[in-house]
1. Residues of the chain: accessible area per residue at 1.4 Å, in Å²?
2. Can you tell me the dipole magnitude for the chain around its Cα centre, using point charges on the Cβ only (Lys, Arg +1; Asp, Glu -1), in Debye to the nearest 20?
3. State, to one decimal in nm, how far the label point of Leu13 lies from the label point of Ala86, with both points 7 Å from Cα in the Cβ direction.
4. Taking a ≥ b ≥ c as the square roots of the eigenvalues of the Cα gyration tensor of the chain, is the shape rounded (a/c under 1.5), prolate (a/b larger than b/c) or oblate?
5. Please report the carbon-and-sulfur percent of the accessible area for segment 39-88; probe 1.4 Å, protein heavy atoms only, DNA, RNA and ligands left out.
Amino acid sequence: MAHSKADQFHPTLFNQANWCKIQSHPARIIILTHLLEEGPAPFYEFNQKIALAGPTISQHIRYLLKYGIITIQEKYPKAIYALNKAVCGNLAILLTELQFQFSINK
């Protein structure tokens, strides 16, 4: 059995890697962009914008919830999704710092 070496990496690196994974599918980018531009939204709005089956969109939403990028508020009879602005803000700072490091090391 392989031994994990995850503890040898700084948590900030894991945050940057997770943010890159989150942005690695167009459906997730559409969801995040919609929430950023339109504010909190129910599932049906994503279902209208994304040309994928409902269960597939749900999988992408679960992925975003897993990493805390979005939050869910149950408002019977529907769930309303919103950006977790604190988490997104922290990730944006990390990516800005990473971009800056790349630009000075050209």
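The values are calculated or read from the model by the stated rules, or taken from the named source; none is laboratory data. Since the structure is predicted, the reported quantities are computational estimates derived from the model, not experimental observations. All Cβ positions, even for glycine, are placed from backbone atoms using ideal geometry, and neighbour counts span all protein chains on display. Ligands, DNA and RNA are excluded from the accessible area calculation, which covers all protein heavy atoms including side chains. Shrake-Rupley method; radii C 1.70, N 1.55, O 1.52, S 1.80 Å.
1. Value for the chain: 71 Å² per residue.
2. That gives a dipole near 180 debye.
3. My value for the distance between the label points is 2.7 nm.
4. Numbers: a/c = 2.14, a/b = 1.67, b/c = 1.28.
It comes out prolate by the Cα gyration axes.
5. On the way: 1740 of 3110 Å².
Its accessible area is 56 percent carbon and sulfur atoms.
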